[in-house]
Ligand SMILES: Cc1cc2nc3c(=O)[nH]c(=O)nc-3n(C[C@H](O)[C@H](O)[C@H](O)COP(=O)(O)OP(=O)(O)OC[C@H]3O[C@@H](n4cnc5c(N)ncnc54)[C@H](O)[C@@H]3O)c2cc1C
Ligand code: SF4
């Protein structure tokens, strides 16, 4: 059963076996596994349930409905837009549906440097294969590449770089291009369409949407209740209180809100909120002489892979991925002045774009501000900044090699370039805080997994240090960035952790 806020105008008090907080990649998987083992599971989700009939493909309606803060969540200096979904299915409802596993180099790094030795590579491979099956992962056929994606591959290949098409979890995709504002065709196999129905089909799961958990009540190391408020979707106003008592609690509110909830509840110790990675992404857009129509077709399918093994970080380097932006998103993610932006948007049909994705170091922090809201503190460190600049230059070279007339760089003060020679302007360039239009769709860390309670929040079994019965299952447990897309890594770790809980 899926209940909305309107179903419980007076709030409610319930008791259950397992209470799962958050219904995204981590929470959805944990709920399905635990309900599948016969546990009575309640899933509490702050966002609304938005079935496809309500997906209007209109930016001004869908960002406020589906995204945290209407898509306006940012770091405390305003510099990086931190995108997260807030709906049944979490960020998987608004994501780009690319499926990448945890690379061997990253897994080895997590095991050796952070002591995550509970599972070997074979166990990870099995978990990823099962999750891939549930979400319908499949390779994107090269014939499905739109001109934006095809040009990136063409440019990358001309430069001799490693290019490929990615894997995705779409089936029956009509190529409408609206993935970022929710799929009106149910082609994107989000958690709301895969793991959540699996959980419901067991007959052991109940879902309460529009329910924000604000505090976990605990006594002598045992969490006894989740307390919160039914909220109004439009403005998150509190409408009615609720309380759920349970034997086991799974916190899966994502890398920004899981640490906030633990901090509000006095759980998790000194490491709560620390070690945040944002994996910042910089957009590089190009104008071609012919029509590209990046907004039609599968938005993000092509990859130029410039990642390399690194003894220090597991993986270093960067990935370039073609991307389409809805017009509003495109307009706010350029670093152009008004005049340039006007010309750029007038050429929108001829624009191609890609994102430079850089595995960063876990140097950020999520704190609880006096208002109770999250304060996301993050500054680019020197090595991430240098890699982002290298990635931006490589992206520009790819677009020029593919025949672009002009490339807009995401660096204020540097005008669009028309030739490789003009890229000389990048020498000595800086990505200054709050100036470059950076995006993060992959916040990770903040409830780090590890054996030592002094430096981590959860143990290798996902249990919060110092508690008997409370676990974290989401992207916040990663010790460092997964160095790529995060939905499958989150699902695979959750699957392993939840299976261990029932065995
Ligand atoms: C725009 C965008 C594009 C992306 N593209 C890709 C991609 O192509 N491929 C990929 O692999 N990954 C992608 N990702 C990332 C991926 O979707 C996430 O990493 C993944 O969903 C994270 O899982 P999670 O469980 O940690 O959090 P989420 O999936 O974000 O779920 C957390 C849920 O908890 C809820 N919640 C928060 N606080 C509370 C509370 N106090 N009480 C109750 N509920 C609460 C939230 O509303 C949310 O629904 C993208 C993300 C975004 C935003
Ligand atoms: S491109 Fe495909 S998956 Fe994305 S919104 Fe359109 S139909 Fe859905």
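The values are calculated or read from the model by the stated rules, or taken from the named source; none is laboratory data. These figures come from a predicted structure and were not determined experimentally. A quick note on method: Cβ atoms are made from the backbone with ideal geometry, for glycine too, and the neighbour counts reach across all protein chains shown.
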Matching residues in the stretch 296-317 - criterion: being in contact with a helix residue (DSSP H, G or I) (Cβ under 8 Å, 6 or more places away or on another chain) and over 30 Å from residue 459 (Cα atoms): 297, 298, 299, 300, 301, 302, 304, 306
State whether one or more residues within the stretch 101-120 are farther than 23 Å from residue 313 by Cβ and either near ligand 1 (Cβ under 7 Å from one of its atoms) or surrounded by 23 or more Cβ atoms within 10 Å (Cβ to Cβ) (or both). no
Take the residues of the stretch 153-184 that are exposed (fewer than 15 other Cβ atoms within 10 Å of the Cβ) and within 7 Å of ligand 2 (Cβ to nearest atom): which is farthest from the chain's Cα centre (by Cα)? 174
When residues of the stretch 163-204 are limited to those that are in contact with a helix residue (DSSP H, G or I) (Cβ under 9 Å, 6 or more places away or on another chain) and part of a strand (DSSP E or B), the one nearest to residue 146 (Cα to Cα): 165
Of all the residues that make up the stretch 96-135, how many are touching a helix residue (DSSP H, G or I) at 6+ places or on another chain (Cβ under 9 Å), assigned to a loop (DSSP other than H, G, I, E, B) and either without any contact (Cβ under 8 Å) to a residue 60 or more places away in the chain or on the phi < 0 side of the Ramachandran plot (or both)? 9
So which residues in the stretch 1-55 are more than 20 Å from the chain's Cα centre (by Cα), in contact (Cβ under 8 Å) with a residue 40 or more places away in the chain, closer than 21 Å to residue 225 by Cβ and part of a helix (DSSP H, G or I), if there are any at all? 5, 34, 35
Meets criteria (in a helix (DSSP H, G or I), more than 16 Å from ligand 2 (Cβ to nearest atom), surrounded by fewer than 19 Cβ atoms within 10 Å (Cβ to Cβ) and modelled with pLDDT of 95 or more) for residue 241: no
Could you name every one of the strands (runs of 3 or more DSSP E) located completely within the stretch 268-346 that has at least 1 residues being over 23 Å from the mean Cα position of the chain (by Cα) and at pLDDT 90 or above? 281-287, 302-310
If you go through the stretch 44-57 one residue at a time, do you hit one that is at pLDDT below 95, away from ligand 1 (no atom under 12 Å from the Cβ), over 22 Å from residue 277 (Cβ atoms) and touching a helix residue (DSSP H, G or I) at 6+ places or on another chain (Cβ under 9 Å)? yes
